[in-house]
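Enquirer: Questions regarding the structure given below will be posed in turn.
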Amino acid sequence: MTITKKSLSFLLTLVMMFGVLCGFSTPASAASIDGRYPKQSITGYILAANNKTAIAYSSRSCSGSSRIGYIYANDNCTIQEIYSDGIVKVKCPWTGYKNGRVVYSKLSYFFQNTSSVSVETAIAKTKCYNKSDLKTSPGYVYVKDKCYIVGTSGSYYQALVPWNGGGYKLCWVSKSAFSHTHNYTSGYEAAHPHKAYMKCSCGAYYYTGKTVKPANCTTCSPASYSVSNNVVTLKGVRLYEYPIGSKVPSSSYYFNVNGKSSYMGAKQCYGYACYVETKLYGSCPHTNRSHFPNIAGSVNIKPTASQFKSLITKAGVGSHIRTGSGHSLIVASINSNSLTIIDANANWDCKVSLRTYTWSRFLSSYPSIAFIEHYV
């Protein structure tokens, strides 16, 4: 280490003392621990070689005023915490600190890829290397070791490898240590915010960077409709013009919407579906086509119950189902076992009705689907 660290540390102390005297304060960061990575500590080196460095800071803010020096290419560091905003808490060698100093820096100085991470299971004992130059090896990755892949270069991965004594070692490992043809299936974590992942039967998995809102989670998908005096409230909007049991126009393309006669471009069940969409979103496919796409794979199909459930869950409450038999329904609620719909003219009487179906029972009544529209 050079005297630079001491000098910057002394200057920082003066700045902090001045801040206290003047009543300044540094706001706490709201960033949380990044759950994509292991909770245990990670030892290793920054990405840079030769005399390149990583900037070290005294506080989580990593602001210019908290800059205190550098982490060097040959400093063996211990990453103690990784935050969701890309900042790391790290212990590194430091002049004047016998056991090293805890500082803050940026994850990008250590990991080649900070946007995504996957987990791979080793299938062969393979030598690891401290850096991408492959000059120094601290040991091996062993069969069944579950490693976090955080970078790639040619035929090597940058990986967090489980290490003797606990924690992980930041290493470069040949991809051959993990050679396996993965067959991923999608899933999501039970805990909020339900991070989506792809997982292989071998145990390898990676996060997609997205979250999902399962229909069977009452926190993510609370009750989407209610009924009072036969008036349905859907997504917070009262469909008061046409209560349950009332009749919709049988031959007119115009429906009452918020005190006005509005063009729906359809009549009976289709017109009623467009009426609901207009109430919820201010327009319908016949007046604003671009905002109501058909979801992928939903055009003239005969889905299985699981496929249909997946499509409707993706489309969500308020989506419009058009059956192959020519009937239109609006999705009012979704859960793991069933869906509730609201429609008109189901019995050829133009009356509005509300019904709940299991996924298989719906397809028994309407085996083919012409399309499924949802608002974007």
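Enquirer: Just checking, how many residues over region 234-268 are touching a residue at least 60 places away in the same chain (Cβ under 8 Å), on the phi > 0 side of the Ramachandran plot and assigned to a loop (DSSP other than H, G, I, E, B)?
Expert: Number of matching residues: 2.
Enquirer: Could I ask something else about it? Of the residues that sit in region 151-162 and are of a type outside the set (S, T, N, Q) and in a strand (DSSP E or B), which one is nearest to THR208 (Cα to Cα)? So that I can check it myself, show each step before the final result.
Expert: To start, the set of residues in region 151-162 that are of a type outside the set (S, T, N, Q) comprises 151, 154, 156-157, 159-162.
Within this subset, residues satisfying the condition of being in a strand (DSSP E or B) are 151, 156-157, 159-162.
Numbers: GLY151: 16, TYR156: 22, TYR157: 19, ALA159: 18, LEU160: 19, VAL161: 21, PRO162: 23 Å.
Top of the filtered list is GLY151.
Enquirer: Within region 220-273, work out how many residues are within 38 Å of the chain's Cα centre (by Cα), open to solvent by 60 Å² or more (accessible area, probe 1.4 Å), within 19 Å of TYR375 (Cα to Cα) and among the aromatic types (Phe, Trp, Tyr).
Expert: Result for region 220-273: 1.
Enquirer: Oh, and also: Scan region 166-180 and report the pairs whose first residue is free of Cβ contacts under 8 Å to residues at least 24 places away in the same chain and whose second residue is of a type in the set (Gly, Ala, Ser), with Cβ atoms within less than 7 Å and a gap of 6+ or a chain change.
Expert: So the pair list comes out as LYS175/SER155.
Enquirer: Just a yes or no: is a residue in region 192-199 modelled with pLDDT of 95 or more and surrounded by 13 or more Cβ atoms within 10 Å (Cβ to Cβ)?
Expert: No - not one qualifying residue is present in region 192-199.
Enquirer: Here's something else I'd like to know. Among the residues of region 123-150, count how many are surrounded by 19 or more Cβ atoms within 10 Å (Cβ to Cβ), without any contact (Cβ under 8 Å) to a residue 60 or more places away in the chain and assigned to a loop (DSSP other than H, G, I, E, B).
Expert: Number of matching residues: 1.
Enquirer: Can you name the residue in region 90-118 that is among the aromatic types (Phe, Trp, Tyr) and touching a strand residue (DSSP E or B) at 6+ places or on another chain (Cβ under 7 Å) and, of all such residues, is nearest to TYR148 (Cα to Cα)?
Expert: The extreme case among them is PHE111.
Enquirer: Touching a helix residue (DSSP H, G or I) at 6+ places or on another chain (Cβ under 8 Å), on the phi < 0 side of the Ramachandran plot and modelled with pLDDT of 90 or more: is that true of SER41 in this structure?
Expert: The answer is no for SER41.
Enquirer: Kindly indicate the residue of region 320-371 that is within 16 Å of SER306 (Cβ to Cβ) and of a type in the set (Gly, Ala, Ser) and also surrounded by the most Cβ atoms within 10 Å (Cβ to Cβ) among those meeting that condition.
Expert: Here the residue is SER338.
The values are calculated or read from the model by the stated rules, or taken from the named source; none is laboratory data. Model, not experiment: these values are computed from the prediction. Don't worry about glycine lacking a Cβ; one is built from the backbone with ideal geometry, like all the others, and counts go over all protein chains shown. For the accessible areas, the whole protein counts, side chains as well, though only heavy atoms, and no ligand, DNA or RNA atoms are used. Shrake-Rupley method; radii C 1.70, N 1.55, O 1.52, S 1.80 Å.
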